[in-house]
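To keep things clear, I will list the structure first and then write my remarks on it.
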Amino acid sequence: ANALVVKDTLLALQTIAGEHRKQFKIPVVAITGSNGKTIVKDWLAELCNGSFSIFKSPKSYNSQLGVALSLLGIREYHTLAIIEAGISQVGEMVKLQEMILPTHGVFTHFGTAHASCFRSKEEKFGEKQKLFATCKTVVVQEKEIKDGMSKGRFDIIQASKIDSDNYIFPIQEDTAIKNIKTAIAAAQMLGVSEEKIRENLPSIQPLNMRLEQLQGINNCEILNDGYSLDMDSLKIALNFMKRQGKSLSYTVLISDFDYSISPKKDYEKMGKLFRQIGVKKVIGIGEEITLYKNEFKYFDSDFYPSVDVFLSVYDLRKFKNERILLKGARKFKLE
């Protein structure tokens, strides 16, 4: 093994992450705000599906450490990165900005989180705004944020001006609608077509649908992550599955990818990941994964073109003593 001996491990990791980010000439969206960062990040990724190969911060990785770890996940095949950035004290945002070097920004809600760590509301707002030093355009959720922003440094888009009558929102709750509008405005900022935005809007769902752990019949556990499917979120779900222990046999019920530039390589990687953690059974849902079923020859595997076909022919009582991960693109409705 190689060891790097440094005076400050966090600073060293941030420096490496910053240099890694500089290797990529792609749009990088930085999202900050007192609330709503994670949900807007995930919903923006949903709306951009099919328009970009997307990397997004895992979970709520938005701290000094989390941002560094997030940036190190960007790969050469990504054409868009969406990075969360959160701060709790003065001086932190400059470090995040220098790592992320965002081309576009999103400012969600501005509230009272971590207020005690700043001398005033104005100081906290000023620190948040430092994230956008390299941005061309910034989406803000509310008029109050727009009014407080430094003028002339970048173009500002106010998400609340989006006409609700132009869209069918899948969630009818006030805060959710504000966050959906913010995600729509950010997608428009990135050049996603209105047709694609409307096509992807039904995919937006509450975050509690992800990695939901349920008790099943016949001594089975179900890990429900039927919300999105890309290589990064798949690794997170598989690691979560493994951390629950090996008392049960591992089964994965999985759909086609949301979006894949190189399907053959991606399904080959999927098969390798399954072997690494000891998956025994694989059930594939979708025409694309069925085309590449040879990548899953090492498992007890079955493939079906749709959920409806699977449910019509598969005897669910066959599941016994298994930890079952449901992982799939939202359009397949694995729930």
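Overview of values
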item: Qualifying residue in the stretch 84-99 (condition: in contact with a Ser or Thr (Cβ under 7 Å, 6 or more places away or on another chain), more than 30 Å from I177 (Cβ to Cβ) and touching a residue at least 60 places away in the same chain (Cβ under 8 Å)); result: no
item: Checklist (1) part of a helix (DSSP H, G or I); (2) open to solvent by 10 Å² or more (accessible area, probe 1.4 Å); (3) not small (G, A, S) applied to D42, failing item; result: (2)
item: Strands (runs of 3 or more DSSP E) contained in the stretch 108-217 and holding at least 2 residues open to solvent by less than 60 Å² (accessible area, probe 1.4 Å); result: 137-140, 155-158
item: Condition met for P102 (open to solvent by 10 Å² or more (accessible area, probe 1.4 Å) and either in a helix (DSSP H, G or I) or under 27 Å from L201 (Cα atoms) (or both)); result: no
item: Number of positions in the stretch 4-22 that are at pLDDT 95 or above, of a type in the set (A, V, I, L, M, F, W, C) and part of a loop (DSSP other than H, G, I, E, B); result: 2
item: Residue list for the stretch 234-262, restricted to those being of a type in the set (F, W, Y), within 30 Å of N200 (Cβ to Cβ) and touching a Gly at 6+ places or on another chain (Cβ under 7 Å); result: Y259
item: Residue match in the stretch 57-70 (condition: small (G, A, S), open to solvent by 50 Å² or more (accessible area, probe 1.4 Å), in a loop (DSSP other than H, G, I, E, B) and free of Cβ contacts under 8 Å to residues at least 40 places away in the same chain); result: yes
item: Identity of the residue in the stretch 23-39, more than 13 Å from L190 (Cα to Cα) and among the aliphatic types (A, V, I, L, M), that ends up least open to solvent (accessible area, probe 1.4 Å); result: I31
item: Test: K25 is modelled with pLDDT of 95 or more and assigned to a helix (DSSP H, G or I); result: no
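The values are calculated or read from the model by the stated rules, or taken from the named source; none is laboratory data. Everything numeric in this text was worked out from a predicted model, so none of it was measured. All Cβ positions, even for glycine, are placed from backbone atoms using ideal geometry, and neighbour counts span all protein chains on display. Only protein heavy atoms, including side chains, enter the accessible area calculation; ligands, DNA and RNA are left aside. Shrake-Rupley method; radii C 1.70, N 1.55, O 1.52, S 1.80 Å.
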